[in-house]
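Read through the structure below, which is laid out as structure tokens, and then see the notes.
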Amino acid sequence: VSRGQGAPPARTSASDRVARLLAVIPWIAAHDGPTLGEISERFGVPRRKLLEDLEVLMMVGVPPYTPDTLIDVTIEGDRVWLRFADVFARPLHLTPEQGLALVVAGAASQGLPGADDTGPLATALGKLAGVLGVDPAEAVSVTLGETRPGVLEALRTAVADRRRVRIDYYAYGRDERTTREVDPHAVVAHQGAWYLRGYCHMARDRRLFRVDRVVDAVVLDSAVERGPDEADADAAPIELGPDVPRVTLEVAPSAAWVTETYPVDEVTELEGGWMRLRLGVAATPWLERLLVRLGRDARVVAADDPALAAAGTSAAGRILARYRSS
Amino acid sequence: VFRLDRFDGPAEVLHDRRFERPTVAVPGVRLEPWQLGEGEATRARVLVDAPQAPWIVQHLGPGAVEEERPDGSVVVTMTVTNRENFRSFVLTFLDHAEVLAPADLRADVVAWLEDQVAAA
């Protein structure tokens with residue numbers, strides 16, 4: 001099964017499944033024995049995957065995971081009934097911190113296009129916010145990842161004042177520390193970390209920099225001029241282009257996380273749970289890291305660049321040399 | 001966890017009894033991958049080269065720095081309860097980091113690398 005262009009997703013990631021279960025569970029519980037066909041149609045899930053999900057659901061519960069603490073799923077003929085374990089029927093007791101987190105997450109969802117301002121979520125948020133004594137529309141300061149003192153402030157100043165910034169940056173992928181000048185476009189948050197988007201004069205292209213890897217940032221006097229198309233370009237994700245060399249790996253079941261952590265062009269399931277995957281390599285040290293960490297759980301079976309095929313062994317030899325010399 | 005308002009009398013400090021504070025998960029505290037395990041807690045010392053030193057100090061916090069060397073490299077300490085995750089983390093530094101102690105953790109990294117080279 002391939003996950004290339006135009007092909008349907010071959011595998012279901014854990015996060016995909018959790019998201020689907022969170023939607024499916026309350027719907028089944030709220031209906032009197034819907035049929036598998038009705039559930040499949042409503043949620044756009046193939047029948048086989050739905051049955052797999054329901055099998056997982058039978059193991060969901062709370063410690064000590066005795067039968068009375070697990071969700072009870074009954075499938076009779078083509079109909080499905082779901083009964084929550086008693087623990088789910090107890091009133092939910094939230095700490096103030098948990099309640100506030102729920103209000104913030106809910107308010108963010110309400111901000112999405114198409115959200116119903118008078119729907120159940122809005123009503124519940126209003127009640128919860130009332131109990132907590134907060135306004136759901138109030139801004140909440142969220143701390144993301146550790147950054148060096150002054151760096152985040154300098155980058156924000158540079159963005160606001162449209163001034164070029166000089167950064168001392170540790171490029172993790174290339175495993176090198178460089179000083180470069182960047183025309184900063186925006187400081188953005190993504191998956192718990194801060195990033196700087198901008199035009200890098202060293203790379204002569206747009207780049208994304210993790211702020212926690214910026215060792216130092218100095219705002220320069222040079223003004224930044226932005227073309228009208230650059231805002232649109234910034235909105236597009238930075239992806240590995242077709243010119244980036246590709247490598248094909250076979251990885252053990254224990255290394256399945258690779259497919260969910262990195263952008264892969266293609267995944268093929270093999271016997272014994274192994275997978276063959278093809279992915280782009282923007283910088284050799286990145287592949288070296290991946291391979292030395294996986295050890296015998298990964299093998300390179302093809303590479304556009306012969307040097308990539310030996311990356312893991314080469315890196316392992318280099319690290320070993322260090323240990324043997326000290 | 002003991003609620004202090006349920007103590008019936010004053011707490012007495014027993015000066016002749018000493019203990020090692022266990023490494024346990026505390027709700028709300030971020031645990032690193034090398035702390036996600038039931039193994040016996042081991043204090044590891046890792047040497048990180050100068051170019052990568054700022055990042056590791058920032059990541060672990062200045063309290064983890066045991067030694068700053070003249071060349072800019074640092075020796076950091078990490079409490080390890082998951083050896084595999086610890087090895088994986090140290091290897092992300094490639095040849096810019098080295099486990100100094102304890103000997104068994106260092107040997108574990110070396111054996112892992114030797115196995116990889118031998119398999120080639």
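The values are calculated or read from the model by the stated rules, or taken from the named source; none is laboratory data. Since the structure is predicted, the reported quantities are computational estimates derived from the model, not experimental observations. For neighbour counting, all protein chains shown are included, and Cβ atoms are generated from backbone atoms with ideal geometry for every residue, glycine included. Accessible surface is based on the protein model in full, side chains and every heavy atom, while ligands, DNA and RNA are left aside. Shrake-Rupley method; radii C 1.70, N 1.55, O 1.52, S 1.80 Å.
Things worth noting here:
- Where only C-alpha atoms are counted, convex hull volume of the range A:273-326 per residue in Å³: 82
- Distribution of pairwise C-alpha distances over chain B, 10 Å bins, in %: 11, 35, 27, 15, 8, 3, 0
- Contact residues in the range A:285-326 by the 40 Å² criterion (accessible area, 1.4 Å probe, full protein complex versus chain alone): A:R289, A:V292, A:R293, A:R296, A:T313, A:A316, A:R318, A:I319, A:L320, A:R322, A:Y323.
- Cα centre as origin, Lys/Arg/Asp/Glu Cβ charges: the range A:238-324 dipole, Debye: 640
- This model, with +1 at the C-beta of Lys and Arg and -1 at the C-beta of Asp and Glu, gives chain B a dipole about its Cα centre of some 380 debye.
- Cβ-Cβ FRET estimate between A:L208 and A:A105, R0 fixed at 35 Å, reported to 0.05: 0.90
- B:T92 long-range amide H proximity, modeled H, under 5 Å: none
- FRET efficiency for the pair A:L94 and A:E225, taken as 1/(1 + (r/R0)^6) with r the Cβ-Cβ distance and R0 = 35 Å, rounds to 0.10.
- Among A:20-31, A:160-171, the order from most to least packed when residues are scored by Cβ within 10 Å on average: A:160-171, A:20-31
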